[in-house]
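Since the structure comes first, as structure tokens, the remarks are kept for the end.
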Amino acid sequence: MITKPSLEWHYQDALKLLHPTLKDEQLVTCAYGTRIDYIYLRPRRDDQWKLSKCSIINTQPATDHNAIFAEFEKY
């Protein structure tokens, strides 16, 4: 899902950025088969921090949402 603010402000979905071939049904983050949890970032050419990993972590049965994990490395 692309929202208007993400387009206007050039934010990118961290999971899609690192895993562009994954289909939406592979990115489910809740028990209802949809994706409702995101990490957005705004990459910049001169940024010292780069996204290096991003994944979905199963947190059930603690919650009906799965966590999104992102790791950044300093260059």
Before rounding to the nearest 500, sum -39500 (n - 2.57) across all DSSP H runs of length at least 4 in the chain and divide by the residue total; then give [θ] at 222 nm in deg cm²/dmol. -2500 deg cm²/dmol
Using only the C-alpha atoms of region 4-74, find the volume of their convex hull and express it per residue in Å³. 97 Å³
Computed label-point distance, nm, for sites Ala31 and Tyr75 using a 7 Å Cα→Cβ extension: 4.1 nm
Count of lysine pairs in region 4-74 with Cα atoms under 20 Å apart, counting only pairs 8 or more residues apart in sequence or on different chains? 6
Dipole of region 2-63, Cα-centred, from +1 at each Lys and Arg C-beta and -1 at each Asp and Glu C-beta, to the nearest 20 debye? 160 debye
Can you give the FRET efficiency for Thr63 and Leu18, using 1/(1 + (r/R0)^6), R0 = 30 Å, r = Cβ-Cβ distance, to the nearest 0.05? 0.80
Please list, in order along region 60-75, the HN-Hα scalar couplings obtained from phi with the Karplus expression 6.51 cos²θ - 1.76 cosθ + 1.60 (θ = phi - 60°), rounded to whole Hz, x for Gly and Pro. 7, x, 5, 7, 8, 10, 9, 7, 9, 10, 10, 10, 10, 10, 8, 9
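None of the figures in this text is laboratory data; all of them are computed from the coordinates on show. Just so we're clear, the structure is a prediction, and the values are computed from it rather than from any experiment. Don't worry about glycine lacking a Cβ; one is built from the backbone with ideal geometry, like all the others, and counts go over all protein chains shown.
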